[in-house]
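Engineer: Take this structure first; my questions come after.
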Amino acid sequence: MQEVVAGYVPQLNAAVKELLTRPSFHKLVNSLKDQLPHTSEPFLWSTIDPESITVPLPETIRSCWIFVLKKDVPSGCHYHPNSIQHMVMIEGEGTSRVGTISRQMRPLEPDASLDDVWYVIPEGVPHEFFPSGRDVVVVSFHTCASDELEEINCDSGAIRNYEG
């Protein structure tokens with residue numbers, strides 16, 4: 001999975017760094033954090049128009065997302081049958097399980113290796129995140145449009161469309 005990182009993840013990393021300079025981005029994150037205690041969902045999200053990002057994105061990227069995951073609540077095992085997910089944690093701490101690999105999540109930091117902080121999750125690969133101690137904020141890029149993203153619950157097989 002991580003061999004893919006060398007190719008275009010530096011572009012995505014630059015895009016996230018651009019987002020982090022925007023007051024509107026932080027306002028949106030704070031709004032999601034404020035709403036999180038009032039939902040039974042394990043996470044909340046919002047999309048960002050990829051066209052608003054001035055850093056060139058790889059041609060395969062069709063949507064950009066912010067997810068805020070509730071502290072001490074697993075995200076729920078799921079997979080995306082129609083998208084490759086590219087994700088980086090910008091706040092929080094916890095662990096991840098992608099396929100059969102579990103690891104400590106590391107936040108995006110100036111000296112962090114991209115291999116250590118970025119996840120490239122192929123279509124159909126089950127994944128779950130386990131925030132601990134505080135909410136986790138991630139930026140995620142998908143290879144399908146926001147109104148096309150499907151999530152399949154690993155346990156029930158239930159299908160969720162995030163937007164649309």
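Engineer: Tell me, for the chain, which Cys residues have no other cysteine's C-beta sitting closer than 4.7 Å.
Structural biologist: Singleton cysteines: Cys64, Cys144.
Engineer: Taking only the alpha-carbon atoms of the chain, what semi-axes of the equivalent ellipsoid follow from 5 times the gyration tensor eigenvalues under a square root, in whole Å, largest first?
Structural biologist: Value: 21, 19, 17 Å, ordered largest first.
Engineer: Now for a different question. Mind putting a number on the dipole of the chain about its Cα centre? Charges go on the C-beta only, +1 for Lys and Arg and -1 for Asp and Glu, and I need it in Debye to the nearest 20.
Structural biologist: Result for the chain is approximately 380 debye, rounded to the nearest 20.
Engineer: Could you calculate the contour length gain from Glu93 to Glu150, that is, 0.36 nm times the residue separation minus the distance between their Cα atoms, to one decimal place in nm?
Structural biologist: Between Glu93 and Glu150, full extension yields 17.9 nm more.
Engineer: Taking amide hydrogens as modeled 1.01 Å from N in the peptide plane, which residues meet the under 5 Å criterion relative to Glu93, leaving out close sequence neighbours?
Structural biologist: So Glu93 has HN proximity to Ser132, Arg134.
Engineer: Now for a different question. How large is Rg/Rh for segment 62-140, to two decimals, with Cα atoms and a Kirkwood Rh?
Structural biologist: 0.93
Engineer: Projected area of segment 113-164, taken from the Cα convex hull and averaged over every viewing direction, in nm²?
Structural biologist: 5.0
Engineer: Work out from phi, with θ = phi - 60° and the Karplus expression 6.51 cos²θ - 1.76 cosθ + 1.60, the ³J(HN,Hα) of each residue of segment 141-153, listed in order in whole Hz, and give x for Gly and Pro.
Structural biologist: Each residue's phi maps through the Karplus curve to give 10, 10, 8, 10, 5, 4, 7, 10, 5, 10, 10, 10, 6 Hz.
Engineer: May I ask you to compute the full-extension gain from Leu20 to Ala112, defined as 0.36 nm times their residue separation minus their alpha-carbon distance, rounded to one decimal in nm?
Structural biologist: 31.5 nm
Engineer: Also: Mind listing the phi-derived Karplus ³J(HN,Hα) values for segment 63-79, rounded to whole Hz, using 6.51, -1.76 and 1.60 with θ = phi - 60°, and x for any glycine or proline?
Structural biologist: Each residue of segment 63-79 in turn: 8, 10, 9, 10, 10, 10, 9, 5, 4, 6, 10, x, 5, x, 6, 8, 8 Hz.
Here, each number is a calculation from the coordinates, and none is a lab measurement. Values in this document were obtained by computation on a predicted structure and should not be read as measured data. Quick reminder, even Gly has a Cβ in these numbers, built from the backbone with ideal geometry, and neighbours come from all protein chains shown.
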